[in-house]
């Protein structure tokens, strides 16, 4: 068959373009998460080179965490209002430049300032990336597959970050890792500017400055409360003052949203049960992975006499299990009631944590630690991916960034809060004792059980079904 001379030139394959967008989003997520994980193993080297005191060293992490948690919601909504690609590119440029500047820092003040810029860049980047994914892959099955790949990259990045940080710190230096992050980020920036499509909410009636100021101030104060409470105690006057500031700022934010004609966050989105239930459940379960990872890192070395390197390898199966769960959940959701998937996943979390609470001196890794670890992280990965799906289902495209910002903020704040509370509970006695370790893990199990109860109470079959996750996205 011959082609007519005036026949239109075929457009590039839409599937290939969407695959390229997914690849870019996954690479960005990989860089951001590797940056977060390698800090765990490079802190001693940073402390030695820049002469940080023990009390101030935690701010190498906190300087990043504070703006990340504080600006996530604003970053998500800004992506909807000003353009998802524009906010994504801005965040990636800021993150990449700050990474390079961290590697060039020779003073404590410089490193902390550029770590804060990194956190701000990540706060713009993370929700914009997720909203780009959910708007690019608009139909249910393909969105599930895209989120599964994205979640698998999340899981693998944690293990790679730990190993890469240890190897490069030992063989090269910690500044080199920051510089490498900046170079890789800049390369992705050049590619993404050509591949990532632009999208935004049309017809926006102005920017809600009052809402932006109050929600950002409230989230910053809330995250600072968590960080300060963990380090100085929950009855510390500054901690209590920050908590009061967070409550007042967020209350003012809610009031502004109720009276403003074009609010930053439309409060009526919370009438959607899937969104509300997903965020409430995420808040309870978000602390499980970080808390278990933190407690086991210490407990395996103290109770089972593992070396730091052996501990790192002992925890690597957790990353593989998360990747498995991220691939399993998308296969379960089209065939089974999402509520059942969630409740079973949360039951696995509670079971795995309960088994880990029994680990002590003389426990065998292969028969006791490994099965419990894999059970817990399999449940976590299935639950968290399902919650991301629920949070972005049945919402119009105009609210994609808002939903992404909300669920990411809930994940970050919930993870930090429960890690702070439960690690403080574990250390009530002198040091992290076996008794404190057990009590803290029982706390994680209680959170998982509470999350399952929230699912059963807030969600009914009329609110969500397997068909919703397959079809509602197509029509939403």
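Are any of the residues in region 178-190 outside the structural domain of residue 418 (by TED's automatic domain parsing), modelled with pLDDT under 85 and assigned to a helix (DSSP H, G or I)? For region 178-190, residues outside the structural domain of residue 418 (by TED's automatic domain parsing), modelled with pLDDT under 85 and assigned to a helix (DSSP H, G or I): absent. Which condition number does residue 462 fail, the rest of (1) part of a helix (DSSP H, G or I); (2) at pLDDT below 80; (3) surrounded by fewer than 17 Cβ atoms within 10 Å (Cβ to Cβ) being met? Going through the list (1) part of a helix (DSSP H, G or I); (2) at pLDDT below 80; (3) surrounded by fewer than 17 Cβ atoms within 10 Å (Cβ to Cβ), residue 462 breaks only (1).
Output yes when any residue across region 157-174 is in the same structural domain as residue 76 (by TED's automatic domain parsing), at pLDDT 75 or above and either crowded, with 20+ Cβ neighbours inside 10 Å or in contact with a strand residue (DSSP E or B) (Cβ under 7 Å, 6 or more places away or on another chain) (or both), and no when none is. Yes, some residue in region 157-174 is in the same structural domain as residue 76 (by TED's automatic domain parsing), at pLDDT 75 or above and either crowded, with 20+ Cβ neighbours inside 10 Å or in contact with a strand residue (DSSP E or B) (Cβ under 7 Å, 6 or more places away or on another chain) (or both). Just a yes or no: is a residue in region 255-272 buried (at least 17 other Cβ atoms within 10 Å of the Cβ), at pLDDT 85 or above and either touching a helix residue (DSSP H, G or I) at 6+ places or on another chain (Cβ under 6 Å) or in the same structural domain as residue 153 (by TED's automatic domain parsing) (or both)? So far as region 255-272 goes, yes, one or more of its residues are buried (at least 17 other Cβ atoms within 10 Å of the Cβ), at pLDDT 85 or above and either touching a helix residue (DSSP H, G or I) at 6+ places or on another chain (Cβ under 6 Å) or in the same structural domain as residue 153 (by TED's automatic domain parsing) (or both). Inspect region 361-383 for any residue being surrounded by 21 or more Cβ atoms within 10 Å (Cβ to Cβ) and closer than 30 Å to residue 264 by Cα and give the result as yes or no. Yes, region 361-383 has at least one match.
Among 164, 120, 125, 147, which is the only one that is in a helix (DSSP H, G or I) and closer than 19 Å to residue 45 by Cα?
164 is the lone residue from the list that is in a helix (DSSP H, G or I) and closer than 19 Å to residue 45 by Cα.
I'd like to know if region 388-406 contains one or more residues that are closer than 14 Å to residue 288 by Cβ and modelled with pLDDT of 80 or more. No; the residues of region 388-406 include none that is closer than 14 Å to residue 288 by Cβ and modelled with pLDDT of 80 or more.
Here residue 320 fulfils each of the conditions (1) under 24 Å from the mean Cα position of the chain (by Cα); (2) surrounded by fewer than 18 Cβ atoms within 10 Å (Cβ to Cβ); (3) over 22 Å from residue 36 (Cβ atoms); (4) modelled with pLDDT under 85 apart from (3). Would you confirm whether or not region 378-400 contains a residue that is assigned to a helix (DSSP H, G or I), under 18 Å from the mean Cα position of the chain (by Cα) and more than 23 Å from residue 126 (Cα to Cα)? Looking for residues that are assigned to a helix (DSSP H, G or I), under 18 Å from the mean Cα position of the chain (by Cα) and more than 23 Å from residue 126 (Cα to Cα), one finds at least one in region 378-400, hence yes. Out of 88, 114, one residue alone is more than 30 Å from residue 399 (Cβ to Cβ) and buried (at least 19 other Cβ atoms within 10 Å of the Cβ). It is 114.
The values are calculated or read from the model by the stated rules, or taken from the named source; none is laboratory data. Keep in mind it's a predicted model, so treat the numbers as computed, not measured. Backbone-built Cβ (ideal geometry, glycine too); neighbour counts: all protein chains shown.
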